[in-house]
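Student: Mind having a look at this structure? Questions to follow.
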Amino acid sequence: MPPRVLTVAGSDSGGGAGIQADLKTMLALGVHGMSVLTAVTAQNSLGVQGVWELPAEAVRAQYRSVVDDIGVQAVKTGMLGSAELVETVAELIAGTDAPAVVDPVGVSKHGDALLADSALEAVRTRLLPAATVATPNLDEVRQLTGVRVESEDDLRRAADAVLAHGPRWVLIKGGHLAGDAVDLLTDGTVRHEHWLRAPRHENRHTHGTGCTLASAVASGLARGLAVPAAVAEAKEYVTGAIAAGFALGAGIGPVDHGWRFRA
């Protein structure tokens, strides 16, 4: 039986992000992906045209159905939307004996809001404390902590601000900065500070990068890797997926989750 990873996230009808990206990533990295759907979106390469959230009881039922019968070696969370769903999912992962990768999704690649302002406090006080690894981008760092990252020198300050809310590790994604794509993984100690760098690809087809990276980290943890090794592997995988990103529709295309199979 392969390691099993459960994603708790929204659906992307265009197939580039959300549940669809998560499951593709898990397949590519050798784990069995399972899903708890939190919302349905009407979404394409141009943006998000509609969002329909599922009731908390439906989310809870999906989660319990999978975990109580099949079991999990890691859980990954993505789009949760409302305070009620954040609190529900935080309670579920806190009671599950498996590492949890929390991607605190706030906005889509196109700038569409995917998390209610009223849910931010629940993310800070309930979801982040349950995380083994939190993976915010710079916009999400600002949304959750008020810290603005304008250069690589600000990444440590951002990491400290997120860690103050309780995750064991944080991966600050610096992809929005100029220059190389640099991320900082840390548990708040100098001994466990890891800088991950990759060349920046001049490629606008990057839809789904955050979902893909978090799912790749969860896949590595499920296979028994330590956090730094799982993150390093995930960084390599998503860098290759970005390099192979392709046009789809009239806007921003997705990364290529199957790039290794075509290399």
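The values are calculated or read from the model by the stated rules, or taken from the named source; none is laboratory data. None of these values were measured; they are calculated from a predicted model. Note that each Cβ is placed from the backbone with ideal geometry, even for glycine, and that neighbours are counted across all protein chains shown. The area values use the complete protein model at the heavy-atom level, side chains included, leaving out ligands, DNA and RNA. Shrake-Rupley method; radii C 1.70, N 1.55, O 1.52, S 1.80 Å.
Student: Of all the residues that make up the stretch 105-142, how many are open to solvent by 30 Å² or more (accessible area, probe 1.4 Å) and part of a loop (DSSP other than H, G, I, E, B)?
Tutor: Qualifying residue count, the stretch 105-142: 5.
Student: Those residues that are assigned to a strand (DSSP E or B) and β-branched (Val, Ile, Thr), I need them from the stretch 1-37; list them, please.
Tutor: Within the stretch 1-37, Val5, Thr7, Val8, Val36 meet the criteria.
Student: Oh, and also: How many residues, within the stretch 107-126, are farther than 17 Å from Thr212 by Cβ and either under 13 Å from the mean Cα position of the chain (by Cα) or β-branched (Val, Ile, Thr) (or both)?
Tutor: 2
Student: Find the residue count for the stretch 172-195, including only residues that are aliphatic (A, V, I, L, M) and either more than 19 Å from Ala218 (Cα to Cα) or touching an Asp or Glu at 6+ places or on another chain (Cβ under 6 Å) (or both).
Tutor: 5
Student: Quick check on the stretch 45-59: of everything there that is out of contact with any strand residue (DSSP E or B) (no Cβ under 9 Å at 6 or more places or on another chain) and not aliphatic (A, V, I, L, M), which residue is most open to solvent (accessible area, probe 1.4 Å)?
Tutor: Here the residue is Glu57.
Student: So, one more: Can you confirm whether Gly16 is open to solvent by less than 60 Å² (accessible area, probe 1.4 Å) and on the phi > 0 side of the Ramachandran plot?
Tutor: Considered against the rule, which asks whether it is open to solvent by less than 60 Å² (accessible area, probe 1.4 Å) and on the phi > 0 side of the Ramachandran plot, Gly16 comes out as no.
Student: Another question about this same structure. Could you tell me whether any residue of the stretch 70-90 is open to solvent by 60 Å² or more (accessible area, probe 1.4 Å), assigned to a strand (DSSP E or B) and within 19 Å of Asp139 (Cβ to Cβ)?
Tutor: no
Student: Here is a further query. For the structure I just gave you, tell me whether Leu163 is among the aliphatic types (A, V, I, L, M) and at pLDDT 95 or above.
Tutor: Judged against the criteria, Leu163 is a match.
Student: On to the next question. Name the single residue that is surrounded by the most Cβ atoms within 10 Å (Cβ to Cβ) among those in the stretch 194-205 being in contact (Cβ under 8 Å) with a residue 24 or more places away in the chain and within 25 Å of Ala131 (Cα to Cα).
Tutor: Residue satisfying both the conditions and the ranking: Leu196.
Student: Here's a follow-up. Need the failing condition index for Thr38 against (1) in contact (Cβ under 8 Å) with a residue 60 or more places away in the chain; (2) touching a Leu at 6+ places or on another chain (Cβ under 6 Å), just the number.
Tutor: Failing condition for Thr38: (1).
Student: Related question: What tally of residues in the stretch 161-182 results from selecting those that are under 19 Å from the mean Cα position of the chain (by Cα) and surrounded by fewer than 22 Cβ atoms within 10 Å (Cβ to Cβ)?
Tutor: The number of residues fulfilling the criteria is 10.
Student: Within the stretch 248-263, can you find the residues that are more than 25 Å from Leu185 (Cα to Cα), out of contact with any strand residue (DSSP E or B) (no Cβ under 7 Å at 6 or more places or on another chain) and open to solvent by 70 Å² or more (accessible area, probe 1.4 Å)?
Tutor: Ala250, Phe261, Arg262, Ala263
Student: Now for a different question. Counting just the residues of the stretch 43-69 that are part of a helix (DSSP H, G or I) and touching a residue at least 60 places away in the same chain (Cβ under 8 Å), which one comes out farthest from Arg124 (Cα to Cα)?
Tutor: Out of the qualifying residues, it is Val66.
Student: Take Gly188 and tell me if it is surrounded by fewer than 16 Cβ atoms within 10 Å (Cβ to Cβ) and on the phi > 0 side of the Ramachandran plot.
Tutor: Judged against the criteria, Gly188 is not a match.
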